[in-house]
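K.L.:
Handing you a structure now.
The values are calculated or read from the model by the stated rules, or taken from the named source; none is laboratory data. What you see is a predicted model, and the numbers here were worked out from it, not measured in a lab. Backbone-built Cβ (ideal geometry, glycine too); neighbour counts: all protein chains shown. Side chains included, ligands, DNA and RNA excluded: accessible areas come from the protein's heavy atoms. Shrake-Rupley method; radii C 1.70, N 1.55, O 1.52, S 1.80 Å.
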Amino acid sequence: MIAGGAALAQLNAEAKCPADPLEVCNVTHLSSVKMAEIAEIRGTDDVRRALKKWQGPVSVGGGRFSMGGQTAIHGGLQLDMRAMNGLVKFDTAKRIARVQAGMRWRDLQTILDPQGLAVQTMQSYASFTVGGSVSVNCHGRYVGHGPVGRSVRALQMVLPDGEVLEASRQTNSELFHAAIGGYGGIGVITEIELDLDENFRIERSTSRVSIEDYPGWFREKIQANPNALLHNADLFPDRFDYPHCVTWSRTDRPLTVHERLTPPGRPYTKEKLFFWAMTELPGGALLRGKAATAIEDSPAVVWRNHEASLDVAQLEPASRDFSTYVLQEYFIPERHFTSFARKMSSLLQSTPTGVVNVSIRHSPADRAVWMAWARQDVFSFVIYYKQGLSVHAQRHAAQWTRSMIDLALSHEGTYYLPYQLHATQEQFLRAYPQASRFNKLRQQIGASRLTNTLWSQYQV
Ligand SMILES: Cc1cc2nc3c(=O)[nH]c(=O)nc-3n(C[C@H](O)[C@H](O)[C@H](O)COP(=O)(O)OP(=O)(O)OC[C@H]3O[C@@H](n4cnc5c(N)ncnc54)[C@H](O)[C@@H]3O)c2cc1C
């Protein structure tokens, strides 16, 4: 059975975002979901009241950057968490912060930076809410950190019956480990307590290695280097075979950028123009490799918080009216790296995919979390691609995405869930065999009405 067909049925023909405020439009503009009601949440009591009053299906919306309707369900109530964004507790000596779930990383950084502290683990951009990030169990470029769940000390959650409880590794640990990476399917997370790190200066260095040498090179030069904080390696069209590696390591050298944090709300005009040229002009894709690597090869020393506070607006194209930009991610056990990378390169060359780049990262295993995507040490491959809006273009993207998922599964790997829901039911269950245990817990605690397009599409 092709469950991806169900996802396609929700796609807008010639997608555009409707103006109706109850229509939750996807960040890609490829699909939208009409809610019956959206409730703005400002505190835990608002969540309790909303769950009591509304007896139908309920979805939770954070920053709404997921790409497959994971924050919405047709005809349901959406709890919009973005206004519940205060600081609950801050212990600078112990390096712990407790925040409300709708706070964005960038707002937390404004609080942490004057105290010389930094978020321990987060995505490459700071625009996401902490609640949304924990609910997908996000990761970043951090060397050795793995998913964000490892830096979460405790959660306050509201269960579907309105009970407010505290969950941690010691208390209500099943709920804690199921809610992290649980895509709003267990409870509404209202507060999150996080371990923090020190803010310090970091220096960029770059290298080029062959794809075959990369895993060994990474182990020796990056994983074994205690000063390496951030690392990724980019592959570019059309061969995707020669990683350009960028590492940020702790340093005492003088800053080349004095700003402490990346200011929000920049127009990013130059970046948008460059991106347009790269994706629209003939030969533009090849420009990306050359131009980006030239920029990244220049020396830079910045604050860790500066590099961690980038805005997703930097990636936003000038328009999504004719085409859009989408992400996919695959997690592949270390031992299968080379075979997967070679076969991925062949697949991406054999069919028009619009891939702009593939970014490689590494994550140690994290088996505690129920819906874990890193069940062993993995390399991840993040694919960023341009996609047309027509139904034909959407069907084509769904097809090659399913081929990529098959490739990942044949290498004992898995795929990331916050993106488009193209996987078939069978692919989903092979990638996430833990889903049946997760679903049993949902039923036990009466959480089936906490749902969204992800949980309604894949029946366990
Ligand atoms: C440009 C771009 C770059 C990205 N880069 C990365 C990256 O580097 N690393 C990475 O791991 N991911 C990355 N992502 C994916 C991103 O981490 C997820 O889409 C994440 O969900 C975004 O956070 P959000 O606040 O927008 O969450 P939303 O999209 O709003 O929500 C995501 C899920 O969490 C649930 N949820 C939200 N808040 C709560 C809550 N308080 N309680 C319970 N459930 C809740 C929602 O119901 C939904 O199922 C990227 C996405 C984009 C668009």
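K.L.:
Could you say whether any residue in the range 325-333 is over 20 Å from His244 (Cβ atoms) and more than 21 Å from the chain's Cα centre (by Cα)?
P.N.:
So far as the range 325-333 goes, no, none of its residues is over 20 Å from His244 (Cβ atoms) and more than 21 Å from the chain's Cα centre (by Cα).
K.L.:
Tally the residues that are under 25 Å from Gln387 (Cα atoms), touching a Phe, Trp or Tyr at 6+ places or on another chain (Cβ under 9 Å) and open to solvent by less than 10 Å² (accessible area, probe 1.4 Å), restricting the search to the range 428-460.
P.N.:
Here the count works out to 5.
K.L.:
Being touching a residue at least 60 places away in the same chain (Cβ under 8 Å), open to solvent by less than 70 Å² (accessible area, probe 1.4 Å) and not assigned by TED's automatic domain parsing to the domain that holds Gly149 narrows it down to one of Thr262, Thr190, so name that one.
P.N.:
Numbers: Thr190 fails: not assigned by TED's automatic domain parsing to the domain that holds Gly149.
Every option except Thr262 fails the conditions.
K.L.:
Just to be sure, is Gly68 buried (at least 20 other Cβ atoms within 10 Å of the Cβ) and either of a type in the set (Gly, Ala, Ser) or away from the ligand (no atom under 14 Å from the Cβ) (or both)?
P.N.:
Working: buried (at least 20 other Cβ atoms within 10 Å of the Cβ): yes; either of a type in the set (Gly, Ala, Ser) or away from the ligand (no atom under 14 Å from the Cβ) (or both): yes.
It is true that Gly68 is buried (at least 20 other Cβ atoms within 10 Å of the Cβ) and either of a type in the set (Gly, Ala, Ser) or away from the ligand (no atom under 14 Å from the Cβ) (or both).
K.L.:
Also, quick follow-up: Could you count how many residues in the range 98-122 are open to solvent by 30 Å² or more (accessible area, probe 1.4 Å) and within 13 Å of the ligand (Cβ to nearest atom)?
P.N.:
Number of matching residues: 4.
K.L.:
Also: Which condition does Gly289 not pass, out of (1) under 30 Å from Cys25 (Cα atoms); (2) modelled with pLDDT under 90; (3) open to solvent by less than 20 Å² (accessible area, probe 1.4 Å), if it passes all the others?
P.N.:
Evaluating Gly289 over (1) under 30 Å from Cys25 (Cα atoms); (2) modelled with pLDDT under 90; (3) open to solvent by less than 20 Å² (accessible area, probe 1.4 Å) leaves (1) as the failure.
For (1) part of a helix (DSSP H, G or I); (2) under 24 Å from Ala431 (Cα atoms); (3) not β-branched (Val, Ile, Thr), each residue gets a yes or a no:
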| site | (1), (2), (3) |
| --- | --- |
| Glu271 | yes, no, yes |
| Phe275 | yes, no, yes |
| Met278 | yes, no, yes |
| Asn305 | yes, no, yes |
| Pro317 | no, no, yes |
| Gln328 | no, yes, yes |
| Ile332 | no, yes, no |
| Ser339 | yes, yes, yes |
| Leu348 | yes, yes, yes |
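K.L.:
In the range 151-182, which residues are open to solvent by 20 Å² or more (accessible area, probe 1.4 Å) and either of a type in the set (Gly, Ala, Ser) or under 21 Å from Tyr330 (Cβ atoms) (or both)?
P.N.:
Correct list: Ser173 only.
K.L.:
Mind listing whichever residues of the range 123-173 are over 19 Å from Ala447 (Cα atoms), out of contact with any Lys or Arg (no Cβ under 7 Å at 6 or more places or on another chain), near the ligand (Cβ under 9 Å from one of its atoms) and of a type in the set (Gly, Ala, Ser)?
P.N.:
Within the range 123-173, Ser133, Gly140 meet the criteria.
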